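I have placed the structure first, in the form of structure tokens, so that the comments after it can refer back to it.
Every read-out reported here was derived from the displayed coordinates using simple, explicitly stated rules and does not represent laboratory data. Here the structure is a predicted model, which is why all the values come from computation and not from measurement. Note: ideal-geometry Cβ built from the backbone for every residue, glycine included; neighbour counts use all protein chains shown.
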């Protein structure tokens, strides 16, 4: 069974017809605080800021991810399962672009879209319309139709999709590279692997994210990182995510910005992997419109209603 996507000038043959589409469930999670409320900056300054979890009514895909008075804040809605093993499956099987449906509460029947996966606490992030947010409550159940794990490209064996749903791939403006075994991918920023922090050394990249450190002012200016937005597609240069997040000269990995900047050492805006090539068969090109909000019609880029009910 084969499936073909024509994306820009390239036809990508995938194994979509063989993928399992499976139900996974969580609930709108409560915001969390540790045993003490302070986050300490690398300069030794204690801060108290909003962080992970909950419904963030005014933070959406498309917003700047750097300028909030927050630490690891997650856009729109954070979803988690209280059972540890079941939450692991929720994070593993959810893919960017999957459809999420509210199945309890006043917003029952409304749908949204998965936009990210946060490591550590392992929340899944979902975008909903404003009218849905107003009716959602912490504890409401969210059913996600998980599809994308196992996705592969038949004719590009050295490029591996990770955490990408077929829904996202179908609208992703990929170009043919200069050689038949390479692809050109639109990104808003290219980022050196040297400044990547929390999340390094994971055994795989199918859950969670890892962080861009922004403590080096010169690097922030050089790579224009102050303009990062939630949902931006970025390239991590000299980074291989095939079997975990490692530094590898010439490798290229593509990901999406999923949570905000952070004040604690080793942390920063989070990136969930979408594509990786250990052999460097991905060529990123700059496109300021490279954002999943534009591709999926969500967040600040939403043009029309996609909700039911």
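Couple of notes before you dig in:
- Legend: Rg and Dmax of segment 19-148, from Cα coordinates, 14.9, 48 Å.
- Förster radius 30 Å - calculated FRET efficiency between residue 285 and residue 154, Cβ distance, rounded to 0.05: 0.80
- Each peptide in 212-221, 98-107, 267-276 receives the mean, over its residues, of other Cβ atoms within 10 Å, and ordering these scores from highest gives 267-276, 98-107, 212-221.
- Gyration tensor (alpha-carbon) shape descriptor, segment 135-241, a/c threshold 1.5: oblate
- Percentage relative contact order, segment 19-148, counting C-alpha pairs under 8 Å, at least six apart: 34 percent
- Residue ranges 148-159, 289-300, 244-255, 39-50 sort as 289-300, 244-255, 148-159, 39-50 when ordered by packing (mean number of other C-beta atoms within 10 Å per residue, highest first).
- Comparing Cα centroids, segment 20-55 and segment 269-289 end up 26 angstrom apart.
- Shown here is the pair-distance distribution of the chain: with all Cα-Cα distances grouped in 20 Å bins from zero up to the longest one, the shares run 36, 59, 5 percent.
- Sum of -39500 (n - 2.57) over DSSP H runs of 4+, divided by residues of the chain (222 nm, nearest 500): -2500 deg cm²/dmol
- Mean Cβ count within 10 Å, highest first, over the residues of peptides 133-139, 75-81: 75-81, 133-139
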